[in-house]
Amino acid sequence: MDGDVRIKSALAPKVVGYCVQILEEYLDNESNGSLKGFVQYYIKHKTKEPLLKASEMIVFNGEYSLEDAKKYVYVRVFEDTWNGKQWELKVKKELEEKGKQTRFSTTKEDYNYCIDLVGDTFAVQVKPISYDKGTNPSLMIDKKRHRQAHLKYQSVSGKKVHFAFYNKDNNKIKYK
């Protein structure tokens, strides 16, 4: 389903919420956060309605089964958001071990410029290695949008945007 452009809008912030922000709110209030806790926090604060709406949009627009759509929404909204944040923490730690201080981007910076970490002279977007290698139609749309956002950020901040690609299979991070 990842490459299916027809269902892309089902996971938009206007449907499921800005998941990274919801996760950050959860982590701000929970010292021992977990994926399960994130799911519970989301449902308590957003209800299950956005998840059901996203699943129904996938069924209608992509002609998938409701069961498959629900599984996909769960993975994208919860697992991918949770795992992405864990990798952002790892990248931040690794950069700091190399003497490069960073902060997490604000919600506005992340949304407008597609960046996750900000240093004095640079910014970083953290993505899975599949983003770097992938060419499916939906991903190509994302890559173009991200590139435009990065150029805009560079023009307003003077900071170049780099990528940190994580490989969950070998637990390594590749910078580009």
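Below, the figures for the structure above:
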read-out: Single condition residue 31 does not satisfy, out of (1) surrounded by fewer than 17 Cβ atoms within 10 Å (Cβ to Cβ); (2) assigned to a helix (DSSP H, G or I); value: (2)
read-out: Extreme residue, farthest from residue 157 (Cα to Cα), among residues of segment 119-137 that are in a helix (DSSP H, G or I) and not hydroxyl-bearing (Ser, Thr, Tyr); value: 137
read-out: Hey, residue 122 more than 17 Å from residue 12 (Cβ to Cβ) and under 16 Å from the mean Cα position of the chain (by Cα) or not; value: no
read-out: Answer from 59, 20, 39 - the residue that is buried (at least 17 other Cβ atoms within 10 Å of the Cβ), without any contact (Cβ under 8 Å) to a residue 24 or more places away in the chain and not in a loop (DSSP other than H, G, I, E, B); value: 59
read-out: Tally of residues being more than 22 Å from residue 100 (Cα to Cα) and part of a loop (DSSP other than H, G, I, E, B) across segment 138-176; value: 3
read-out: Residues located in segment 73-118, provided they are part of a helix (DSSP H, G or I) and of a type in the set (A, V, I, L, M, F, W, C); value: 73, 75, 77, 78, 82, 87, 89, 91, 95
read-out: Considering residues of segment 42-56 that are assigned to a helix (DSSP H, G or I) and hydroxyl-bearing (Ser, Thr, Tyr) only, the residue nearest to the chain's Cα centre (by Cα); value: 42
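Taken together, the values in this text are just the output of simple stated rules run on the coordinates, not laboratory data. No experiment lies behind these values; they were computed from the predicted model shown. We place every Cβ from the backbone using ideal geometry, glycine too, and count neighbours over all the protein chains shown.
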